[in-house]
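**Student:** Pasting in a structure now, in C-alpha cells, and then I'll have a few things to ask.
The values are calculated or read from the model by the stated rules, or taken from the named source; none is laboratory data. What you see is a predicted model, and the numbers here were worked out from it, not measured in a lab. A quick note on method: Cβ atoms are made from the backbone with ideal geometry, for glycine too, and the neighbour counts reach across all protein chains shown. Ligands, DNA and RNA are stripped out before the accessible areas are found, and what is left, the full protein with its side chains, is counted by its heavy atoms. Shrake-Rupley method; radii C 1.70, N 1.55, O 1.52, S 1.80 Å.
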Amino acid sequence: MAYIKEEYDIVVVGAGHAGCEAALAAARLGKKTIVFTVSVDSIALMPCNPNIGGSSKGHLVRELDALGGEMGKNIDKTFIQSRMLNTSKGPAVHSLRAQADKQDYSRAMRKTLENTDNLTIRQAEVAELIVEDGRVQGVKTFSQGEYRAKAVILATGTYLKARCIYGDVSNYTGPNGLQAANHLSDSMVENGIPVRRFKTGTPARVDKRSLDFSKMQEQKGDVPIVPFSFSTDPATIQKEQVSCWLTYTNEETHRIIRENIDRSPLFSGAIEGTGPRYCPSIEDKVVKFPEKGRHQIFVEPEGNYTNEMYLSGMSSSLPEDVQYAMYKTLPGLENVKIVRNAYAIEYDCVNANEVLASLEFKKIKGLYSAGQINGSSGYEEAAVQGFMAGVNAVREIDGKEPVILDRSQAYIGVLIDDLVTKENMEPYRMMTSRAEYRLLLRQDNADLRLTDIGHEIGLVSDERWRAVQQKKELITSEVARIKEIPVGANKKTQEILEKYGSSPLNTGVTLDELVRRPELDYEKLLDLDPEHKDLPQDVIEQINIEIKYEGYIARQQKQVDNFRRVEQRKLSPDIDYKSISGLRLEAGQKLDKFKPLSIGQASRISGVTPADISVLLIYLSKEGK
Ligand SMILES: Cc1cc2nc3c(=O)[nH]c(=O)nc-3n(C[C@H](O)[C@H](O)[C@H](O)COP(=O)(O)OP(=O)(O)OC[C@H]3O[C@@H](n4cnc5c(N)ncnc54)[C@H](O)[C@@H]3O)c2cc1C
C-alpha cells in the first residue's frame, strides 16, 4: 500500500547539474514539477573539479544561458576566479573558465530552486519506475511514496549503485560519502532499459596551510572579468579574485606510482567500470605516457569557506599511503596534509543509444534521461542535457515537437548527437575538436545563435530577445558601414598604421581592409572613421571577428548549408531497414537499432557506409519520400 500519493506533471530524479536545469525549465514553463535528491544539502554539488567552463565546456554554458538555462547566472554569482582560456589562439577555441566557491554555488542554486513557482524539492530515494502500456506513469520512492506524473526525467549522475574505491578500501556510497541509490537500476532493467558500469575519479583535497606556494607558479584571474551569462552586467562582477597555482609531478612521483601500480584497483581489476580517456587518473597517465618526465598539476581553491585545495590533474584510486608518498614529491607539497583522499567512483548508467535526440527513451514514452546517466562526464555536459530533457518533456506533454539542436547550431547539438548516435564505450567529455563547425559555434556568439530558440521555447524574456535583435542589427549595419568607408593613404592614416607597427598604405582602401590586418582592429582605427558610434564591447568583438574571419566563416557556412541539406532529409522511425533491398545486413541492423531521424544522422552511425546511404536515398525517392 502506498503511504504518500501525489500527482505532478513532471518528476525529476536528481538535483545535480542536469536535474536542476531540467526541474527549473519544466517549472518555469508552468509544469507542476517535483525534483528528488538523496540529500537536499547536495543540490548542484560539485563532487570533483571546483570550476565551471574551460575548453568547449565554456561554450556549453554560454549556449545554455542563451537558451534560458541557469548555470551561467549561478556561476556569475559564486565564482572566485575567472579566466578566458586559449586567448593566444583563434576565437573558435576561446573558452571562459571560472573557479567556483563550491558551497556558494550549491547554496545559490538551491535558493533558486526553492524560490521557483511550480517546483517542489523532496529528499527521498526513488526506487522504482511506474510504467504502464509502454508509457511512464510516475515513480515510487524507497519509502513507498507514489508520485504520479505525465513525464519522468532520470538525472541520477554517479549515484546508481555507486561504489567509491581507493586501494583496497571500497564503500557503497555516492560521492563525498553521500547515500548511494541502490534500487532504481533494477527497476530500469526490469522495464527493458539495460544499464552498464562507468567510472570516474577525483584527486585528494589538501590543506592550504601545509603548502609552500613559493615553489609553484601563481595563476591570477583576468581583469576585467568577463561574465558567463549574457544577462549579467560585467560592471557588477568586477571583484577581488583568488589565485590558482601550477606545480608538476616528477620522476620520483612516477617511480612511486610505478612501484605500486599492482595495488591500484584500476590495474588490479577491482574497478569494474570504464573510465574517461580524456580525464585520466595520474596512474593512467604515468603508465600510458612513460616518456613524459612531468605532468602539470593545478592547485585550486575549493572556496572562500575552506582551506581545502583541489589537485587538478592528479585524480587517483591508489592506496592512502601511496597517495601520501606521491603527493609529497610535488614541489610545494613536501609537507602536504591530505584532508580527503583521492578516490574513484563507479556507478550504473545507460547507453544513450537507448534514447532519441529529444532524450526520450525509445522504449518508454514520457521517460527521459540527462547527464552522467547518459554516459557523459562533466557538470556542463550534464546541465545542457538536463535543460533539453526538461524542455522536451514539457513539449511532449503539450503535444509539441521536441527541440533538437543539430551539429551546425550548437555544441549542445554535437554533444547529444554524439551520445545518441555513436557507440561511446567510456564517459563522454566535450572537446572543441568534436565540433566540425566550431568557427561558427563560438562561445562569444552563443546569444546570436540561440536566443531566438530560447524565446520560442518560452524561457527567454521578450526584453532579452529584443536586446539580442538590436545587437544583431548593430553588428550587421556596422560591418556593412565600415566596408563602405574609404581610407586614404594620407599622413594621418600612415601615422596610425606606424603606431601599431602595420605596413603603410600605397593607395586608398576601405576601412574593413585595415581591420582585417592581425595587428589592427576596429577600435584601433576609430580615428579614421569620422562617423563611428560608441558601441558596446560585445558588439565590437563580433565586428572584429566577422571581418577578420570573413573568408573562413563563409567557407564554413557553405559546409553547414551542405550538412543541413542532408540533415533535412528526414527518416521516419517506422522504416523497416532490414527489408530494404541492397542494404547491407550490418547497416540494416544498425539502422533498425538507432532509428535515425535523418539521412545525416544515419550517415554518422558507425558501420553505415556512404554506399548504404546511397541505397537509402534511392529507396526514399522510390517511396516518394
Ligand atoms: C568522484 C567524482 C569524480 C568526478 N570526476 C570528474 C572529472 O574528472 N571530470 C568531469 O568532467 N566530471 C567528473 N565528475 C562528474 C561530475 O560530477 C558529473 O559529471 C556531474 O556532477 C554530473 O551531473 P549530473 O547532474 O548528471 O549528476 P550528479 O551531479 O551526480 O547529481 C545526481 C543527483 O541525482 C540524485 N539521485 C541519484 N539517484 C537518485 C535516486 N534514485 N533517487 C533520488 N535522487 C537520486 C543525487 O542525489 C543527485 O542530486 C566526477 C564525479 C565524481 C563523483
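**Student:** State the Cα centre-to-centre distance between the range 354-407 and the range 231-247 in whole Å.
**Tutor:** Using only Cα atoms to place each centre, the spacing works out to 33 Å.
**Student:** Accessible area per residue, 1.4 Å probe, Å², for the range 488-529: what's the number?
**Tutor:** 55 Å²
**Student:** Amide H of Q179 versus every other amide H placed in the peptide plane: which residues, excluding those fewer than 5 positions away on the same chain, fall under 5 Å?
**Tutor:** Here G174 satisfy the definition.
**Student:** Roughly how many percent of the accessible protein surface of the chain is carbon and sulfur, given a 1.4 Å probe and a whole-percent answer?
**Tutor:** 51 percent
**Student:** How far apart, in nanometres, would the label points at K288 and E473 be if each is projected 7 angstrom from Cα along the Cα-to-Cβ direction?
**Tutor:** Going from the K288 label point to the E473 one covers 5.1 nm.
**Student:** Then there's this: If packing is taken as the average count of other Cβ atoms within 10 Å, what order do 53-63, 419-429 fall into, highest mean first?
**Tutor:** Per-residue Cβ counts within 10 Å, averaged per peptide and sorted highest first, yield 53-63, 419-429.
**Student:** Return the calculated 222 nm mean residue ellipticity for the chain, to the nearest 500 deg cm²/dmol, obtained by summing -39500 (n - 2.57) across DSSP H runs with n ≥ 4 and dividing by the residue count.
**Tutor:** Value at 222 nm, helices only, nearest 500: -10500 deg cm²/dmol.
**Student:** Taking the mean number of other Cβ atoms within 10 Å as a proxy for protection, how do you rank 90-103, 224-237 from highest to lowest?
**Tutor:** 90-103, 224-237
**Student:** At N171 and L505, where each label point lies 7 Å from the Cα along Cα→Cβ, what is the point-to-point distance in nanometres?
**Tutor:** About 7.0 nm separates the two model spin labels.
**Student:** Another question, then. What is the Å³ per residue value for the convex hull set by the Cα atoms of the range 391-445?
**Tutor:** 110 Å³
**Student:** Karplus couplings for the range 594-603 from phi (6.51 cos²θ - 1.76 cosθ + 1.60, θ = phi - 60°), rounded to Hz, Gly and Pro as x?
**Tutor:** Karplus values, whole Hz, x for Gly and Pro: 7, 6, x, 7, 8, 4, x, 5, 4, 5.
**Student:** Hey, what do the phi angles of the range 162-167 turn into as Karplus ³J(HN,Hα) couplings, whole Hz, using 6.51/-1.76/1.60 and θ = phi - 60°, x for Gly and Pro?
**Tutor:** 5, 9, 9, 9, 8, x
**Student:** Over the range 569-622, what is the relative contact order in whole percent, taking alpha-carbon pairs under 8 Å and six or more residues apart?
**Tutor:** Value for the range 569-622: 37 percent.
**Student:** When only C-alpha pairs under 8 Å and at least 6 residues apart count, what is the relative contact order of the chain, in percent?
**Tutor:** 16 percent
**Student:** Separate question: Would you kindly derive the ³J(HN,Hα) couplings of the range 236-249 from the backbone phi angles with the Karplus curve 6.51 cos²θ - 1.76 cosθ + 1.60 (θ = phi - 60°), listing them in order in whole Hz, with x for Gly and Pro?
**Tutor:** Calculated HN-Hα couplings, in order: 8, 10, 6, 7, 4, 10, 8, 9, 10, 9, 10, 9, 9, 6 Hz.
**Student:** Treating the beta-carbon of each Lys and Arg as +1 and of each Asp and Glu as -1, no other charges, what is the dipole magnitude of the chain about its Cα centre, to the nearest 20 debye?
**Tutor:** 840 debye
**Student:** Next question, about the same structure. Report the gain in length on full extension from E463 to K593: 0.36 nm times residue separation, minus Cα-Cα distance, nm rounded to one decimal.
**Tutor:** Net length gain for the segment: 42.4 nm.
**Student:** Based on the Cβ-Cβ distance from E623 to K337, what FRET efficiency comes out when R0 is 56 Å, to the nearest 0.05?
**Tutor:** Efficiency, from the Cβ-Cβ distance: 0.20.
**Student:** When DSSP assigns beta bridges and you keep just the ones with both residues in the chain, what percent turn out antiparallel, to the nearest 5?
**Tutor:** That works out to approximately 70 percent antiparallel.
**Student:** If you don't mind, another one. Using modelled amide H (1.01 Å from N, peptide plane; none on Pro or chain starts), what sits under 5 Å from the amide H of I130, excluding residues fewer than 5 places away?
**Tutor:** When sequence neighbours closer than 5 places are left aside, the close amide H contacts are Q137, G138, V139, K140.
**Student:** Here is a follow-up. Using a Cα-Cα cut-off of under 23 Å, which lysines could be cross-linked to K590, ignoring same-chain neighbours fewer than 8 residues away?
**Tutor:** K362, K363, K365, K422, K570, K578, K622, K625
**Student:** I'd like to know how the chain sits against the 2.2 N^0.38 Å rule of thumb: what's its Cα Rg over that expected value?
**Tutor:** The reported ratio for this selection is 1.03.
**Student:** Next up: For the range 205-346, what does the accessible surface come to per residue with a 1.4 Å probe? Please give it in Å².
**Tutor:** Averaged over the residues of the range 205-346, the accessible area is 47 Å².
**Student:** Can I ask one more? Could you give the length gained by full extension between S268 and Y324, i.e. 0.36 nm per residue of separation minus their alpha carbon distance, to one decimal place?
**Tutor:** Difference between extended and current length: 18.2 nm.
**Student:** Can I ask one more? Would you mind checking K73/K472; K199/K285; K161/K593; K491/K533; K215/K328; K471/K558 for any pair whose Cα atoms are more than 18 angstrom apart?
**Tutor:** K73/K472; K161/K593; K491/K533; K471/K558
**Student:** Would you mind getting me the FRET efficiency between D561 and D233? Use the beta-carbon distance for r and R0 = 30 Å, nearest 0.05.
**Tutor:** For D561 and D233, the calculated efficiency is 0.25.
**Student:** In whole Å, what is the distance between the alpha-carbon centres of the range 419-458 and the range 15-38?
**Tutor:** Distance between centres, Cα-based: 22 Å.
**Student:** Oh, and also: For S39 and D212, what does the FRET efficiency come to when R0 = 35 Å and r is the distance between their Cβ atoms, rounded to the nearest 0.05?
**Tutor:** Taking R0 as 35 Å, the efficiency between S39 and D212 is 0.45.
**Student:** For S376, list long-range residues whose amide hydrogen, built 1.01 Å from N in the peptide plane, is under 5 Å from its own amide hydrogen.
**Tutor:** Excluding prolines and chain starts, which carry no amide H, the hits are Y428.
**Student:** Using 7 Å Cα-to-Cβ label points, what is the K363/S143 separation (nm, one decimal)?
**Tutor:** In this crude label model, K363 to S143 measures out at 3.1 nm.
**Student:** Once you keep just the Cα pairs under 8 angstrom separated by 6 or more residues, what percentage relative contact order results for the range 255-356?
**Tutor:** Result for the range 255-356 is 28 percent.
**Student:** What is the list of residues in the range 196-239 whose amide nitrogen lies under 19 Å from a point 7 angstrom out from the Cα of M425, following Cα to Cβ?
**Tutor:** Residues 196-200 fall inside that zone.
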